[in-house]
Each structure stands twice: as C-alpha cells, then as structure tokens.
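S.K.: Attaching a single structure in structure tokens format; questions to follow.
The values are calculated or read from the model by the stated rules, or taken from the named source; none is laboratory data. Because the structure is predicted, anything quoted here is derived from the model rather than measured. Cβ sites come from the backbone with ideal geometry, for glycine too, and all protein chains shown count toward neighbours. These area figures cover heavy atoms from the full protein model, side chains too; ligands, DNA and RNA do not enter into them. Shrake-Rupley method; radii C 1.70, N 1.55, O 1.52, S 1.80 Å.
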Amino acid sequence: MEYSLSSIQTRVENIKGKLFPSNFDIYMFVNPSAYDTAWLAIIPDSKYPSQPMFKNYLDWLLNNQNLEGFWGESDTFGKPTIQALPATLVSMVALKRWKTGASMIEKGMNFIHSNAEKLLNEVKESCPLWFAIVFLATLELAEEMGLEVVFPEAAIEIISYISRCRISYLNKEEAVGNLHYYPPLLSYLEALPPWYVSEEDISSNLSKDGSLFQSPSASAKAFMATGNQECLTYLQSLAQKFPNGVPQAYPMDEDHIKLCIVNHLQKLGLGENFLGEIEILLAEVYRNYNEQHSLVKGSNMIATQLHKDSLAFQLLRMHGYKISPSMFCWFLYDDKIRDQIEKDYEEFSSAILHVYRASNLGFREEYELDEARSFSRKFLEKFISAGNRDKKQIEQELNIPWFARLDHLDHRMWIEEKEANVLWKGKASYNRISHHYNYELLQLAIQNFEFKQSIFKNELDELKRSSIFVYFFKFKSMKFVLILNIYLDTYMIGICGVMIYIYRWTEEWGMSNMGFGREKTTYCYFAVAASTTFIPHDSYIRMLVAKSGIIITVADDFFDMIGSSSELEALTYAVGRWDSKGLSSHSKTIFDALDNLVSEVNGRYLLQEGTTDISSSLQDLWYETFLAWLIEAKWSKNGHTPSMDCYMKTSMTSIATHNMVLPASCFLKPIFPKEKLRPIQYEPLTELLMILSRLLNDVLSYQVIFYTIMFSFLCLYIYESVYLRVEQRKLWELLFSGITVRNTENTTH
C-alpha cells in the first residue's frame with residue numbers, strides 16, 4: 001500500500017491528540033493489570049457482603065477478556081505471555097465469586113487447557129520467584145472456588161517442579177529483607193500461605209498512603225485480612241483515579257514512564273514526528289533529576305531504579321543535556337549490589353542491557369563509563385552463555401557495534417519485536433504500553449517505515465541493483481563485512497523493494513561495468529539510506545553520498561589493484577587540472593563520472609543559493625584525495641614504509657569520508673558555509689571524522705591486511721614499537737616485503 005507524507009502527518013496529529021491531550025495523564029500510557037484489577041473485584045462490600053465493593057472492576061473483567069479466552073499480559077502482537085496464566089485464574093475466581101460470567105469462565109478454562117503446556121515450558125528449567133508464588137496460589141484459589149482446572153499431563157510435571165521451587169523460596173526468603181533488590185515476599189501477600197505472615201507483619205509494613213508496597217493486589221488482600229481503614233482509603237483512591245482497570249503499581253515513577261515513552265517513540269522511528277513532545281518530556285525529567293537530593297531514590301527495586309537511571313542518561317545525553325555518568329553508575333560503588341546483580345541474571349538482565357547501551361555515549365576520560373561497559377558486557381555474555389531465554393536483543397546489542405548500527409533497520413527490528421511494548425519489569429510481570437496506544441503507534445510506525453521504503457525504492461531506481469558484497473567507508477575487514485551481511489541477508493529485499501536491474505547513473509557513466517574490484521552501487525545507497533531519518537527531505541543528500549561512495553570505491557580499487565604507475569599519475573594530475581585530455585579506458589571513465597557529479601552538485605547549489613559557485617572547491621577536495629591515493633600507491637609499489645605521522649597525514653585523506661560528508665553538508669539547513677568546504681585547515685570535527693574513519697578501517701582490516709592493503713596504523717605502530725624484539729621486527733619486515741610482492745603481482749595483471 002502506498003502512503004503519502006500528508007496521510008502520515010494526519011495520523012501523527014490524531015495520535016498526538018490522544019496521547020498528549022491538554023489534560024495529559026501519564027498513566028494512560030500504561031496498560032491496566034488484569035491480575036491486580038481482579039483482586040480488587042474480589043473484595044466484598046463492607047455493608048453488603050454479597051456484592052463486590054468495586055463493581056466497576058468486575059464489569060471491567062466482563063468486558064476485557066481476550067478473544068482467545070485469557071485475561072492479562074500479551075506481547076506487542078496480542079499473544080499471551082506466561083503472566084496470562086495467573087491473571088486468567090484470578091479473573092475466573094472473581095467471576096465465580098460473584099456468580100457471573102459462566103461462559104467466560106468456560107472459555108478461560110479452555111484457554112488454560114490449550115496453552116498451559118506451551119507457556120509453562122518457559123519456566124520448566126528455571127522458575128522465577130514471582131511465578132512460583134503467584135501461579136500456584138491462584139491455582140489453589142481457583143480450586144477452592146470449585147473451579148476444576150484441567151492441565152495436560154506434560155504441564156502437570158512442570159507444575160510439580162514449580163511447587164518444589166515455591167517451597168524452596170518460602171523456606172529461604174524473608175517476608176521483608178534488609179536489602180530490597182526485589183519486591184519483598186510480603187508484596188505478594190495475596191499469594192502467600194496464611195501461616196507465612198501475621199497481621200502485625202502486614203500492619204507494620206503499610207505505607208503512609210495505606211498501600212502495601214504500592215501493590216493494588218497485595219493491598220486488596222491486606223484490607224481483607226485486617227480491615228485497615230488507611231488501606232481502604234488507598235483502594236478507594238485507586239477506584240477513583242483508575243475506573244477502567246488498575247495498574248500493577250500505584251504510585252509509579254512518572255519520570256520512568258516518560259522516559260519509556262520517549263524511548264519507544266524513537267525506537268519505532270517516530271522521534272522526528274514527536275520532537276516537541278519529546279523535548280517537553282525530557283525537560284521535565286532533567287529538571288526532576290536536578291532537584292533530587294540523592295542519586296538513588298528510596299526504591300525497593302534496585303533493578304527498576306538502574307533501568308530508569310541508565311535510560312535517562314542515554315536519552316538525555318543523546319539530546320544534548322549536560323549529564324554525569326554518576327546518574328546511573330552508582331551501582332559500581334556498592335559491592336553488595338554488584339554481587340547481587342551477578343547472582344541474579346533474570347532479575348537484572350533488562351537493567352544491565354540499558355547500562356550497556358548507555359555506556360556507548362562516553363566522552364574522553366569518563367572512566368566510570370568504561371567500568372560500567374566492562375561490567376555490563378561480561379554480565380550479558382554470561383547471561384547468554386547460561387542459556388537464558390529472551391536473549392535476542394542482547395545478542396544483537398553485543399554483536400553489532402553501536403557505531404555500525406543503521407537506524408532504519410533498527411526501527412524495523414523494533415517494529416517486529418514481540419516485546420517492544422515492555423516498559424519495565426514490575427512485581428509479577430512487565431509493565432507494558434496500553435494496548436490502544438501500542439496499536440496506534442505500531443500502525444503509524446509501519447506506515448512511516450513503508451513510506452520511507454517507497455522513497456528509497458524510487459531513489460534506488462536512479463542507481464542500480466547489484467551484488468550484496470558490502471562496503472562502507474572502505475572497510476575491508478571480513479569481520480565487518482560479515483556484520484553488515486547479517487543486516488543485508490534479512491533486510492536487503494525490504495530496502496531495495498522489487499528486483500531492480502541496471503539503471504541510469506551507474507550505467508550511463510560506466511561505473512557498473514569496470515571489470516575489476518567491487519561494484520558497490522546498491523550498498524553505497526543502502527548504507528546512507530538506512531542511516532538517515534528525515535524523509536523525504538534528505539533525498540538529494542542520500543543520492544549525493546551514494547554516488548560519491550560509488551566513485552570512491554571504484555577509484556580506490558583502480559589505484560590499489562590494476563592501475564599502472566603512469567595511469568595513476570595521469571589520472572591524478574588530470575583531476576588536479578580538471579581536464580581529461582590524455583586519459584583513456586578506466587581512467588577516463590572515472591574522471592568523467594567525477595566531472596558529472598561535481599557539475600551536478602555545483603548546479604544544484606547554484607539553483608539553491610543563486611550566485612555562489614562551489615565547483616573549484618569541490619575539484620580541490622577531490623584532487624586532495626586522488627593525490628593521497630597516488631602517494632599510497634607509490635609506497636606500495638616502491639616498498640616504502642612510511643612513519644606513523646606521515647601515514648596518518650595521508651591516510652586520513654585517502655579514507656575519503658570528507659568527500660562524502662562535506663559536499664552533502666552544503667544542502668543541509670542551516671547551510672554549510674562555502675569557505676568550509678575546502679579550507680586551508682579543516683575544522684576539528686571534520687578532522688576527527690577523517691581520523692576516526694581511518695583508524696576504524698585499519699583496526700577492522702587488520703586480519704586481512706596482507707591480502708588487501710599494504711599498511712595500516714596498527715601495523716606501523718607495532719613495527720615502530722621500541723618494545724619489539726629483534727625477531728619480531730624481522731618477521732614484520734618479511735611480512736611487509738611479502739605484501740609488496742603481492743601488490744606487484746596484482747599490478748602486472
């Protein structure tokens with residue numbers, strides 16, 4: 001289906017009206033908890049015990065059974081999670097308690113019988129505390145109410161294992177521990193055996209607001225057990241604020257919800273559509289953090305606090321806020337917390353994943369972030385090796401470096417991620433995005449993604465469809481090629497649309513049929529398209545960068561592989577005087593394509609700016625790069641080993657990132673000043689881009705250096721090191737001479 005920009009903008013405005021109205025309530029974004037709502041529905045009225053105290057919650061249960069027969073948690077696509085089992089059981093208990101919904105109870109029974117084995121398989125080898133406590137308690141409660149729940153035989157074996165786990169947990173855990181890494185057992189009061197806690201335990205742990213650890217279900221049980229009036233006041237306040245189902249906890253950390261909203265919008269690729277709303281939410285979070293008197297709030301869930309703080313650091317720093325790593329690195333200085341994190345993979349996996357993501361955003365000498373990164377990576381690697389489930393996101397995060405991620409592909413992955421609606425882990429399940437808002441945002445994200453795809457397809461028609469052997473900024477490392485091929489194997493068809501054959505530009509200028517080296521048309525476009533977000537405004541920039549990348553790839557291969565010394569000198573000096581006289585064959589093809597590109601860029605810039613001609617600056621920019629390629633070719637052919645300083649001065653230019661970035665910057669808003677296109681001295685940011693690209697290329701190409709290029713910074717560093725033994729020096733001299741021989745052989749071909 002074809003979408004237009006106007007249709008997307010219309011949908012965005014409609015969602016803004018629903019998600020961010022003038023009377024915006026942050027809790028609207030959080031899905032109600034069927035489990036907690038059912039417990040409030042069970043409470044009898046104090047004056048009329050034959051009636052529920054909160055009839056609206058009983059009505060909510062009657063109106064919110066899923067079509068498949070379950071109540072409770074579901075993933076992004078509406079499929080039940082394991083939490084749906086206890087939620088369905090307690091919902092059926094509530095209906096049975098008030099003698100209503102017989103057909104719904106039967107439907108719930110059928111759901112459990114059909115799905116219990118599949119869902120319980122998730123915990124058959126490692127059952128978390130919350131599920132062992134809550135599931136068996138709701139099952140026993142259902143049986144007490146006369147509900148005969150039938151399980152398949154395989155599920156009964158798993159239930160026996162869960163029962164043993166519960167006994168173990170109850171025997172070794174205190175009702176309220178000293179260090180609250182998790183929700184304490186007492187917060188599961190509704191699911192604890194009567195002998196396990198006393199009325200005094202309950203009363204002494206009620207909060208000032210009358211709740212038991214801010215849990216509606218535990219507070220409901222506390223009221224039924226004690227009749228405490230403060231507890232009743234808390235429950236009545238819930239009924240008033242949340243007439244259509246209660247959340248899993250109240251009050252919640254509202255800043256945490258705001259951060260999750262921003263994170264979800266950005267990961268769906270919708271950040272550009274909600275810039276104003278995101279700015280407001282982050283400003284509120286930043287202000288609240290500055291007003292805090294301590295780094296760690298009084299939370300009984302360290303994992304939740306760590307999740308929030310690392311996410312806050314990541315989002316605030318990405319949006320330009322001055323923020324310290326201490327915001328989330330506080331856990332590093334508490335040995336007891338670190339030990340507990342390392343012992344409990346399941347509880348802390350989500351929080352530590354966010355710590356790892358936040359550590360990507362370090363500045364120089366932020367040693368806290370280095371330590372946080374080392375700690376979190378080791379944790380996540382152990383989590384994967386232990387065979388834990390739900391490890392797809394973690395594997396992707398560890399295997400594909402942050403700097404190599406392509407936004408457009410990450411957006412698609414998030415759209416297809418079944419756990420994308422997760423906010424953070426609560427007491428007995430995940431807090432998730434409201435079903436309604438999740439559906440609205442997911443449909444908008446799909447529409448937005450497909451709209452971008454249609455633009456990409458049309459733009460790619462200007463180039464050509466070719467091989468899938470990838471290349472980016474001249475990265476020749478087989479490791480990096482493998483990383484990007486993982487992306488391409490999954491998404492290339494999506495990016496390219498239907499199979500596209502030979503198209504205008506590369507064929508017209510002969511760049512697709514050079515007969516040597518790497519044909520990079522599709523990937524050069526793919527890399528820039530998947531990395532840009534503001535569609536369709538950056539269309540010409542994508543085309544310009546892709547064309548520049550194609551020319552750079554072909555020309556670089558010509559200098560590295562088949563060009564003779566006289567051909568390389570002739571081409572370089574032709575670029576210097578910008579005249580193709582005397583060129584032939586490949587040299588002339590490369591020059592003509594480059595001349596066409598420079599003329600096109602200058603003409604478009606003239607059309608945009610009126611009288612400003614940038615052709616001479618563009619020509620000088622390209623001549624500088626061709627000259628660097630020529631110098632490197634002479635080093636290779638003559639067997640010359642440059643110093644590291646000499647190498648870096650040349651190679652930061654030969655990497656050619658500035659040839660793609662600077663001309664493209666002329667078409668950004670605000671306009672890139674003409675005098676910065678080819679200055680006497682590049683801006684520090686430009687130089688850093690050139691140097692980092694070169695160093696990254698050299699590090700990643702280290703393993704295949706002997707078959708691709710003559711030198712790299714890493715090789716020269718090792719070669720010049722004063723700590724090398726004589727034998728090691730001789731080995732490197734031999735290897736360098738071997739490279740020279742191979743390059744000479746390639747040239748004679």
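S.K.: Residue by residue through the range 67-77, note down the ones that are in a loop (DSSP other than H, G, I, E, B) and touching a residue at least 24 places away in the same chain (Cβ under 8 Å).
M.R.: If the condition is that a residue be in a loop (DSSP other than H, G, I, E, B) and touching a residue at least 24 places away in the same chain (Cβ under 8 Å), then GLU68, GLY69, PHE70, TRP71, GLY72, GLU73, ASP75, THR76, PHE77 are the ones that fit.
S.K.: With the structure loaded, tell me whether SER103 is within 20 Å of ALA41 (Cβ to Cβ) and open to solvent by less than 30 Å² (accessible area, probe 1.4 Å) or whether it fails that test.
M.R.: Taking the combined requirement at face value, the residue does not satisfy it.
S.K.: To continue, here is another question. Inside the range 554-605, can you point out the residues that are more than 16 Å from TRP629 (Cβ to Cβ) and open to solvent by 50 Å² or more (accessible area, probe 1.4 Å)?
M.R.: Passing the criteria: ARG577, ASP579, LYS581, GLY582, SER584, SER585, LYS588, ASP595, SER599, GLU600, ARG604.
S.K.: I'd like to check something: does the range 438-447 contain any residue that is acidic (Asp, Glu), modelled with pLDDT of 90 or more and either over 30 Å from PRO184 (Cβ atoms) or touching a strand residue (DSSP E or B) at 6+ places or on another chain (Cβ under 9 Å) (or both)? Explain how you work it out, then say what you get.
M.R.: Pass one, the range 438-447, residues acidic (Asp, Glu): 440.
Those left that are additionally modelled with pLDDT of 90 or more: 440.
Next, only the ones that are either over 30 Å from PRO184 (Cβ atoms) or touching a strand residue (DSSP E or B) at 6+ places or on another chain (Cβ under 9 Å) (or both) stay: 440.
The answer is yes, given that some residue of the range 438-447 is acidic (Asp, Glu), modelled with pLDDT of 90 or more and either over 30 Å from PRO184 (Cβ atoms) or touching a strand residue (DSSP E or B) at 6+ places or on another chain (Cβ under 9 Å) (or both).
S.K.: Follow-up question, since we're still on this one. Looking only at the range 1-25, count how many residues are of a type in the set (Phe, Trp, Tyr) and either modelled with pLDDT under 85 or in contact with a Ser or Thr (Cβ under 7 Å, 6 or more places away or on another chain) (or both).
M.R.: So the first thing to find is which residues in the range 1-25 are of a type in the set (Phe, Trp, Tyr), and the list is 3, 20, 24.
From what's left, either modelled with pLDDT under 85 or in contact with a Ser or Thr (Cβ under 7 Å, 6 or more places away or on another chain) (or both): 3, 24.
So the answer is 2.
S.K.: Hey, LYS452 hits all of (1) buried (at least 18 other Cβ atoms within 10 Å of the Cβ); (2) assigned to a loop (DSSP other than H, G, I, E, B) but one; which does it fall short on?
M.R.: Condition not satisfied by LYS452: (2).
S.K.: Moving to a separate point now. Mind checking which helices (runs of 4 or more DSSP H) fall wholly inside the range 551-660 and carry at least 2 residues that are of a type in the set (Gly, Ala, Ser), farther than 28 Å from LEU688 by Cβ and at pLDDT 95 or above?
M.R.: Where helices (runs of 4 or more DSSP H) fall fully within the range 551-660 and carry at least 2 residues being of a type in the set (Gly, Ala, Ser), farther than 28 Å from LEU688 by Cβ and at pLDDT 95 or above, they are 565-577.
S.K.: Among the residues of the range 40-92, which ones are among the polar types (S, T, N, Q) and out of contact with any strand residue (DSSP E or B) (no Cβ under 8 Å at 6 or more places or on another chain)? Don't jump to the end; show me each part of the working.
M.R.: First, pick out the residues of the range 40-92 that are among the polar types (S, T, N, Q): 46, 50-51, 56, 63-66, 74, 76, 81, 83, 88, 91.
Passing the criteria: SER46, ASN56, ASN63, ASN64, GLN65, THR76, THR88, SER91.
S.K.: Does the range 388-397 hold any residues that are open to solvent by less than 60 Å² (accessible area, probe 1.4 Å), of a type outside the set (Asp, Glu) and touching a residue at least 24 places away in the same chain (Cβ under 8 Å), and which are they?
M.R.: Filtering the range 388-397 down to residues open to solvent by less than 60 Å² (accessible area, probe 1.4 Å) leaves 388, 393-394, 396-397.
Filter once more, so that each one left must be of a type outside the set (Asp, Glu): 388, 393-394, 396.
Within the range 388-397, ASN388, GLN393, ILE394 qualify.
S.K.: Could you list, in sequence order, the residues of the range 126-158 that are within 38 Å of the chain's Cα centre (by Cα), in contact (Cβ under 8 Å) with a residue 60 or more places away in the chain and either more than 19 Å from LYS427 (Cα to Cα) or in a loop (DSSP other than H, G, I, E, B) (or both)?
M.R.: If the condition is that a residue be within 38 Å of the chain's Cα centre (by Cα), in contact (Cβ under 8 Å) with a residue 60 or more places away in the chain and either more than 19 Å from LYS427 (Cα to Cα) or in a loop (DSSP other than H, G, I, E, B) (or both), then SER126, PRO128 are the ones that fit.
S.K.: Given the conditions (1) basic (Lys, Arg); (2) in contact with a helix residue (DSSP H, G or I) (Cβ under 6 Å, 6 or more places away or on another chain); (3) modelled with pLDDT of 90 or more, which single one is not true for LYS391?
M.R.: Failing condition for LYS391: (3).
S.K.: Something else: Open to solvent by 50 Å² or more (accessible area, probe 1.4 Å), more than 30 Å from GLN453 (Cβ to Cβ) and assigned to a helix (DSSP H, G or I), is that true of ILE280?
M.R.: Judged against the criteria, ILE280 is a match.
S.K.: Let me ask something additional. For the range 337-360, check the following and say yes or no: at least one residue is part of a loop (DSSP other than H, G, I, E, B), under 21 Å from the mean Cα position of the chain (by Cα) and not charged (D, E, K, R).
M.R.: no
S.K.: Could you check GLY269 against (1) more than 20 Å from HIS411 (Cα to Cα); (2) open to solvent by less than 60 Å² (accessible area, probe 1.4 Å) and say which number it fails?
M.R.: Checking GLY269 against (1) more than 20 Å from HIS411 (Cα to Cα); (2) open to solvent by less than 60 Å² (accessible area, probe 1.4 Å), the one that fails is (1).
S.K.: Can I ask one more? Being farther than 23 Å from GLN443 by Cβ, modelled with pLDDT under 95 and surrounded by fewer than 20 Cβ atoms within 10 Å (Cβ to Cβ) narrows it down to one of LYS96, LYS55, LYS47, LYS79, so name that one. Give the steps one after another, and end with the answer.
M.R.: On the way: LYS96 fails: modelled with pLDDT under 95; LYS55 fails: modelled with pLDDT under 95; LYS79 fails: farther than 23 Å from GLN443 by Cβ.
Being farther than 23 Å from GLN443 by Cβ, modelled with pLDDT under 95 and surrounded by fewer than 20 Cβ atoms within 10 Å (Cβ to Cβ) holds for just one of LYS96, LYS55, LYS47, LYS79, which is LYS47.
S.K.: Further, regarding this structure: Pull up the range 189-207, narrow it to residues that are surrounded by 16 or more Cβ atoms within 10 Å (Cβ to Cβ) and part of a loop (DSSP other than H, G, I, E, B), then point me to the one that is modelled with the highest pLDDT.
M.R.: By that ranking, first place goes to LEU192.
S.K.: Looking at GLY210, GLY269, GLY245, which is the one that is assigned to a loop (DSSP other than H, G, I, E, B), touching a residue at least 24 places away in the same chain (Cβ under 8 Å) and within 30 Å of LEU406 (Cα to Cα)?
M.R.: Being assigned to a loop (DSSP other than H, G, I, E, B), touching a residue at least 24 places away in the same chain (Cβ under 8 Å) and within 30 Å of LEU406 (Cα to Cα) holds for just one of GLY210, GLY269, GLY245, which is GLY269.
S.K.: Kindly list, by first and then second residue, each pair from a residue in the range 46-63 that is in contact (Cβ under 8 Å) with a residue 12 or more places away in the chain to a residue that is of a type in the set (Lys, Arg), limited to pairs with Cβ atoms under 6 Å and residues at least 6 apart or on different chains.
M.R.: Taking only residues 6 or more apart or on different chains, not a single pair turns up.
S.K.: In the range 329-384, which residues are exposed (fewer than 14 other Cβ atoms within 10 Å of the Cβ) and in contact (Cβ under 8 Å) with a residue 12 or more places away in the chain?
M.R.: Of everything in the range 329-384, those that are exposed (fewer than 14 other Cβ atoms within 10 Å of the Cβ) and in contact (Cβ under 8 Å) with a residue 12 or more places away in the chain turn out to be LYS336, GLU381, LYS382.
S.K.: Out of the residues in the range 152-188 meeting the condition of being open to solvent by 30 Å² or more (accessible area, probe 1.4 Å) and among the hydrophobic types (A, V, I, L, M, F, W, C), tell me which one is modelled with the lowest pLDDT.
M.R.: In this case the residue turns out to be LEU179.
S.K.: Another one. Which residues, counting only those in the range 1-56, are part of a helix (DSSP H, G or I), in contact with a helix residue (DSSP H, G or I) (Cβ under 8 Å, 6 or more places away or on another chain) and of a type in the set (Gly, Ala, Ser)?
M.R.: Listed by number, the residues that qualify are SER7, ALA34, ALA38, ALA41.
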